[in-house]
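Structure first, then comments.
The values are calculated or read from the model by the stated rules, or taken from the named source; none is laboratory data. Quick caveat: nothing in here was measured; it's all calculated off a predicted structure. Quick reminder, even Gly has a Cβ in these numbers, built from the backbone with ideal geometry, and neighbours come from all protein chains shown. Heavy atoms of the whole protein, side chains included, go into the accessibility calculation; ligands, DNA and RNA do not. Shrake-Rupley method; radii C 1.70, N 1.55, O 1.52, S 1.80 Å.
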Amino acid sequence: MQSVAAALTMVRDDAFFLKAWLRHYGDTLGRENCYIVNHGRGDAVRQLAEGCNIIGIPGDPHPNFDMKRWRMLNNFVQGLRSYYTHVVVGDVDELVVVDPQDGRNLLEFLKDQPKQQVLTPLGLEVIHRIDIEPEPIADTILGPRRHVRLAPHYSKPCIVSRGSKLSRGGHFAQYDRLITPDDLYVFHLKFCDFAEYVSVMDSRNQVTRDVGVGVKDAAIGGHWFEEARGEDRAVFDSFAQLKLQDRFDVSWVRKRMHRSWAPRGETGFFQFKRPSYDAQFVVPERFIGVI
């Protein structure tokens, strides 16, 4: 039984992403080291996550959903740190991956990392190029999907081995060092499949309708609201317009993150600039089947 790393997430239904999360972290860290907050105590989550540590909580809609969620996750992270060296925390559609060229899986990689720090993997968003990727996702995601775009918003301080509060959404940490290992990524899966995206957004729009307040009066991600959704197919069609890069080289992004590293006002959190990049990449063959 290992005590190097635990993985923590919160989920409400979202069987598609939960299956990927379980396959990734369950296979690498062991299901006994996976902690899942089952928002709404859904049967599907309980059945899929058999062998994991499942924490059922009420699923009543609340305008401060994100605030409550990250208050709880922060407390869980610090509690788990009493028993694990590292805690990987994030949304169910965010998976931390070590570049296969490193030669270590995530558990082996974390075993070699110093304690008392916070790691920030580089964010990459898997995009479904519906114009050239007709194959459905039956098992692994990288294979049927080969394209990613830079996602600075998802370069999150999500591997914690010291006392450090994370902000709502997990985007910032109260930690004054930026540690971005060269071979560490977090893959965001929201846009990895058109049909699944439509289904998830329908569900999230319903959540905000159930809450009954507008985006300005809720501590819920603005992208959950119907007015921010836009036309689904147009969103995916636009991915073809991103400039395709000749090779998979994102080292320059990490350098820019470090150059802009600074306190986030007087909040105690730290941040780097998160511009939008007009770029997409084809993932190298070594990543196929990793998630």
For the list (1) surrounded by 15 or more Cβ atoms within 10 Å (Cβ to Cβ); (2) modelled with pLDDT of 60 or more, I need the number of the one condition that K255 fails.
(1)
Restricting to region 83-104, what's the tally of residues that are open to solvent by less than 10 Å² (accessible area, probe 1.4 Å) and among the hydroxyl-bearing types (S, T, Y)?
0
Looking at region 154-162, is at least one residue of a type in the set (G, A, S) and either at pLDDT below 95 or open to solvent by 10 Å² or more (accessible area, probe 1.4 Å) (or both)?
no
Selection from region 17-46 of residues that are closer than 20 Å to N74 by Cα and either open to solvent by less than 10 Å² (accessible area, probe 1.4 Å) or of a type in the set (V, I, T) (or both)
W21, Y25, N33, C34, I36, V37, N38
With respect to G56, is the statement that it is within 15 Å of D14 (Cβ to Cβ) and surrounded by fewer than 21 Cβ atoms within 10 Å (Cβ to Cβ) true?
no
Looking only at region 170-185, decide whether some residue is of a type in the set (D, E, K, R) and buried (at least 20 other Cβ atoms within 10 Å of the Cβ).
no
Need the failing condition index for L244 against (1) open to solvent by 50 Å² or more (accessible area, probe 1.4 Å); (2) modelled with pLDDT of 95 or more; (3) under 21 Å from the mean Cα position of the chain (by Cα), just the number.
(3)
